[in-house]
Amino acid sequence: DFYQNAFHTPSSIYSKNDDIPQQQAFADGTILEFSEKSRVHVGRIISSEHKSNGGARYEIMDHDGKKFSIADKAVSYSVSAPNNEPAAVRLFDAFYSAHEESESELRTDLDISPEMLELAWEEAASDLTFEDHVLTPNALIDLVHSKAASAVDAYKAWRLLKVS
């Protein structure tokens, strides 16, 4: 009936016995920042496996070709890669470079001074248009530069907000 069809949850997010919700899986090729043995890495998903408990495991390859097997909870940041492989490789290279940057390099690349960052935090804390008064990476770029953030700039802003 209508009620069941209107509120049907896609079967792809449930296990075989339909009682354990699955985590929303990342697609192969997705670029991730993840933790493994207390180190932070950037890599691309090569393959994924859904677990019977609702979680997922991912095989990741980093920029140097080293492979990792991680649980979904190890992922701290993700961005979908373009379907075009050369564009995906360029994006991955840019993410790797951004991951290697220091806080001062992030500030320089984003053209955000410590004073500007402090003003952005204050704006987010006082402005009611910010949901829960949270300064997101995209909102930071928009506030400071009045433009939408690229995927790499959003990642750089996320890293800057994390360390600030």
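The values are calculated or read from the model by the stated rules, or taken from the named source; none is laboratory data. Computed from a prediction, not measured in an experiment: that's the story for all the values here. Reconstructed Cβ throughout: ideal geometry from the backbone, glycine too, with neighbour counts over all protein chains shown. Areas reflect the complete protein model, heavy atoms only, side chains present, ligands, DNA and RNA absent. Shrake-Rupley method; radii C 1.70, N 1.55, O 1.52, S 1.80 Å.
Key figures for this structure:
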quantity: Breaking point among (1) without any contact (Cβ under 8 Å) to a residue 60 or more places away in the chain; (2) open to solvent by less than 70 Å² (accessible area, probe 1.4 Å), for Glu100; calculated: (2)
quantity: Qualifying residue in segment 44-64 (condition: in a helix (DSSP H, G or I) and touching a residue at least 12 places away in the same chain (Cβ under 8 Å)); calculated: no
quantity: Segment 123-164, residues that are of a type in the set (Ser, Thr, Tyr), more than 15 Å from Arg107 (Cα to Cα), at pLDDT below 90 and assigned to a loop (DSSP other than H, G, I, E, B); calculated: Thr129, Thr136
quantity: Count of segment 66-95 residues which are without any contact (Cβ under 8 Å) to a residue 60 or more places away in the chain, surrounded by 17 or more Cβ atoms within 10 Å (Cβ to Cβ) and farther than 30 Å from Ser52 by Cβ; calculated: 2
quantity: Enumeration of residues in segment 65-86 that are in a loop (DSSP other than H, G, I, E, B) and closer than 20 Å to Ala98 by Cα; calculated: Gly65, Lys66, Ser80, Ala81, Pro82
quantity: Residue in segment 138-149 that is closer than 23 Å to His41 by Cβ and open to solvent by 20 Å² or more (accessible area, probe 1.4 Å) present; calculated: yes
quantity: Test result for Met116, among the hydrophobic types (A, V, I, L, M, F, W, C), in contact (Cβ under 8 Å) with a residue 24 or more places away in the chain and open to solvent by 40 Å² or more (accessible area, probe 1.4 Å); calculated: yes
quantity: Qualifying residues in segment 54-65 (those that are open to solvent by 40 Å² or more (accessible area, probe 1.4 Å) and within 15 Å of Phe26 (Cβ to Cβ)) - the one modelled with the lowest pLDDT; calculated: Arg57
quantity: Of residues in segment 119-137 being open to solvent by 70 Å² or more (accessible area, probe 1.4 Å) and β-branched (Val, Ile, Thr), the one nearest to Ser76 (Cα to Cα); calculated: Val134
